[in-house]
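Before any comments, here is the structure.
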Amino acid sequence: MDIKTYKRIKEQYAYLKANEGAIDFDDMLSFVYQWLCVLKYEPVLEWCRQTWRYLFIDEFQDTNAVQLGIITAILGDDSPSDRIVVVGDDDQCLV
């Protein structure tokens, strides 16, 4: 696929999402990242921290920077190593 076709498809997808008032997974990540990591919106942070006291993350090798920021924000600064377990496959890691 050439770049012109890709841009046209991307623009059409964005138009359809906006027209339907829909969001996709990347939008969800972006909204949560904004609330927790950029705005540091305390009511949402507190709700997340109370709801998810411990985190278990499978397929950690697929975690991107936005997701890692969200995880870090939810854990906060109070000894996160006591509250998180990650499982990953180093044979699948691209780094």
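Miscellaneous remarks
- Residue within the range 21-29 that is open to solvent by 40 Å² or more (accessible area, probe 1.4 Å) and at positive phi present: yes
- Only one of LEU16, LEU36, LEU45 that is touching a Phe, Trp or Tyr at 6+ places or on another chain (Cβ under 9 Å) and open to solvent by less than 100 Å² (accessible area, probe 1.4 Å): LEU45
- Taking the criterion of being outside any helix (DSSP H, G or I), under 19 Å from GLN92 (Cβ atoms) and of a type in the set (A, V, I, L, M, F, W, C), the residues of the range 44-76 that qualify are PHE56, ILE57.
- Of everything in the range 62-72 that is open to solvent by less than 80 Å² (accessible area, probe 1.4 Å) and over 15 Å from ILE84 (Cβ atoms), the residue that is modelled with the lowest pLDDT is ASN64.
The values are calculated or read from the model by the stated rules, or taken from the named source; none is laboratory data. All figures in this text were calculated on a predicted structure; none of them were measured in a lab. Backbone-built Cβ (ideal geometry, glycine too); neighbour counts: all protein chains shown. To get the accessible areas, we keep the full protein, side chains included, count just its heavy atoms, and leave off ligands, DNA and RNA. Shrake-Rupley method; radii C 1.70, N 1.55, O 1.52, S 1.80 Å.
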